[in-house]
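S.K.: Quick one: structure below, then a few questions.
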Amino acid sequence: QKEVEQNSGPLSVPEGAIASLNCTYSDRGSQSFFWYRQYSGKSPELIMFIYSNGDKEDGRFTAQLNKASQYVSLLIRDSQPSDSATYLCAVNGDSGGSNYKLTFGKGTLLTVNP
Amino acid sequence: DGGITQSPKYLFRKEGQNVTLSCEQNLNHDAMYWYRQDPGQGLRLIYYSQIVNDFQKGDIAEGYSVSREKKESFPLTVTSAQKNPTAFYLCASSRGLSYEQYFGPGTRLTVT
């Protein structure tokens with residue numbers, strides 16, 4: 001059974017600070033990693049994906065992947081109140097070769113305080 | 001605008017009734033998915049379809065059925081056999097099974 005673990009939070013940061021969200025996964029064969037943002041009552045919105053070890057930057061967002069340690073993180077620089085949401089980590093692919101299944105963590109609630 | 005539409009946004013049904021949730025996409029994606037989300041829970045996969053006229057069960061398919069007669073459409077029927085149907089239902093699509101998935105706005109189903 002693949003597992004994706006996230007700290008449920010809430011994670012509270014002041015406006016302008018860096019928010020750091022972490023995710024660990026159990027299946028060492030996982031290939032693709034995604035971060036979704038979900039506002040209360042809304043559907044998840046894809047904000048980042050990463051396939052290779054290292055960092056990937058897109059605007060204020062940076063995804064970091066360390067396959068050896070089986071964790072993926074999301075950094076949000078210059079956090080804004082509009083970033084307040086639940087962030088879902090999702091992991092695709094397994095060692096059995098079935099790449100269809102996205103396994104989601106339960107999400108981390110981020111609150112950015114003005 | 002390209003995107004995924006789901007209808008209706010809210011749906012109320014009496015216990016024992018079947019109900020069909022609509023999902024349409026104009027992204028030309030081959031793969032489509034249905035998930036349900038319960039409060040405090042992660043998303044759970046109900047069914048997925050890689051191509052037209054083919055679909056596979058996900059983790060929690062019991063009490064649900066789907067069809068994929070057109071590339072653009074992947075309706076989900078919640079049958080009376082589903083014991084706890086009240087949930088937020090999310091449809092997603094992707095270029096292929098290993099690619100990033102994009103979600104529709106969701107349908108919130110309440111069964112009483």
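The values are calculated or read from the model by the stated rules, or taken from the named source; none is laboratory data. Fair warning: this is a prediction, and the values are worked out from it, not measured in the lab. Cβ placement follows ideal geometry from the backbone for every residue including glycine, while neighbour counts extend to all protein chains displayed.
S.K.: Would you be able to say whether some residue in the range A:91-109 is over 12 Å from the mean Cα position of the chain (by Cα), under 18 Å from A:Glu15 (Cβ atoms) and modelled with pLDDT of 95 or more?
M.R.: So far as the range A:91-109 goes, no, none of its residues is over 12 Å from the mean Cα position of the chain (by Cα), under 18 Å from A:Glu15 (Cβ atoms) and modelled with pLDDT of 95 or more.
S.K.: Could I ask something else about it? Say whether the condition of being among the aliphatic types (A, V, I, L, M) and within 12 Å of chain A (Cβ to nearest Cβ) is met by at least one residue in the range B:19-36. Walk me through how you get there before you give the answer.
M.R.: Initial filter on the range B:19-36 (among the aliphatic types (A, V, I, L, M)): B:19, B:21, B:27, B:31-32.
After this cut, where a residue has to be within 12 Å of chain A (Cβ to nearest Cβ) as well, the list is B:31-32.
Yes: the range B:19-36 contains one or more residues that are among the aliphatic types (A, V, I, L, M) and within 12 Å of chain A (Cβ to nearest Cβ).
S.K.: Quick one: count up the residues across the range B:37-47 that are touching a strand residue (DSSP E or B) at 6+ places or on another chain (Cβ under 8 Å) and within 10 Å of chain A (Cβ to nearest Cβ).
M.R.: Residues of the range B:37-47 touching a strand residue (DSSP E or B) at 6+ places or on another chain (Cβ under 8 Å): B:37-38, B:42-47.
From what is left, the residues that are within 10 Å of chain A (Cβ to nearest Cβ) are B:37, B:42-45.
Total satisfying the criteria: 5.
S.K.: In this structure, does A:Asn66 turn out to be closer than 17 Å to A:Asn22 by Cα, out of contact with any strand residue (DSSP E or B) (no Cβ under 7 Å at 6 or more places or on another chain) and surrounded by fewer than 18 Cβ atoms within 10 Å (Cβ to Cβ)?
M.R.: Details: closer than 17 Å to A:Asn22 by Cα: yes; out of contact with any strand residue (DSSP E or B) (no Cβ under 7 Å at 6 or more places or on another chain): yes; surrounded by fewer than 18 Cβ atoms within 10 Å (Cβ to Cβ): yes.
So A:Asn66 passes the test.
S.K.: Just checking, which of B:Tyr102, B:Tyr48 is surrounded by 15 or more Cβ atoms within 10 Å (Cβ to Cβ) and either of a type in the set (D, E, K, R) or more than 11 Å from the chain's Cα centre (by Cα) (or both)?
M.R.: B:Tyr102
S.K.: Considering only the range A:48-79, state which residues are of a type in the set (Val, Ile, Thr), without any contact (Cβ under 8 Å) to a residue 24 or more places away in the chain and closer than 24 Å to B:Ser93 by Cβ.
M.R.: Keep residues of the range A:48-79 that are of a type in the set (Val, Ile, Thr), which gives A:50, A:62, A:72, A:76.
Still in the running and without any contact (Cβ under 8 Å) to a residue 24 or more places away in the chain: A:50, A:62.
A:Ile50 - this is the single residue of the range A:48-79 that is of a type in the set (Val, Ile, Thr), without any contact (Cβ under 8 Å) to a residue 24 or more places away in the chain and closer than 24 Å to B:Ser93 by Cβ.
S.K.: Go through the range A:41-52 residue by residue and tally those that are away from chain B (no Cβ under 11 Å) and at pLDDT 95 or above.
M.R.: In the first step, residues of the range A:41-52 are kept if they are away from chain B (no Cβ under 11 Å); the result is A:52.
Filter once more, keeping what is at pLDDT 95 or above: none.
Summing the residues that are away from chain B (no Cβ under 11 Å) and at pLDDT 95 or above in the range A:41-52 gives 0.
S.K.: Let me ask something else about it. So, in the range B:54-82, exactly how many residues are of a type in the set (D, E, K, R) and either closer than 15 Å to B:Gln37 by Cα or facing chain A (nearest Cβ under 8 Å) (or both)? Break it down stepwise before answering.
M.R.: First, the residues of the range B:54-82 that are of a type in the set (D, E, K, R): B:54, B:57, B:59, B:62, B:68-72.
From what is left, the residues that are either closer than 15 Å to B:Gln37 by Cα or facing chain A (nearest Cβ under 8 Å) (or both) are B:59.
Of the residues in that region, 1 qualify.
S.K.: Right, something else. Does the range A:2-18 include one or more residues that are aliphatic (A, V, I, L, M) and closer than 30 Å to B:Lys9 by Cβ? Write out each step before concluding.
M.R.: Step one: of the range A:2-18, the residues aliphatic (A, V, I, L, M) are A:4, A:11, A:13, A:17-18.
Filter once more, so that each one left must be closer than 30 Å to B:Lys9 by Cβ: A:4, A:11.
The answer is yes, given that some residue of the range A:2-18 is aliphatic (A, V, I, L, M) and closer than 30 Å to B:Lys9 by Cβ.
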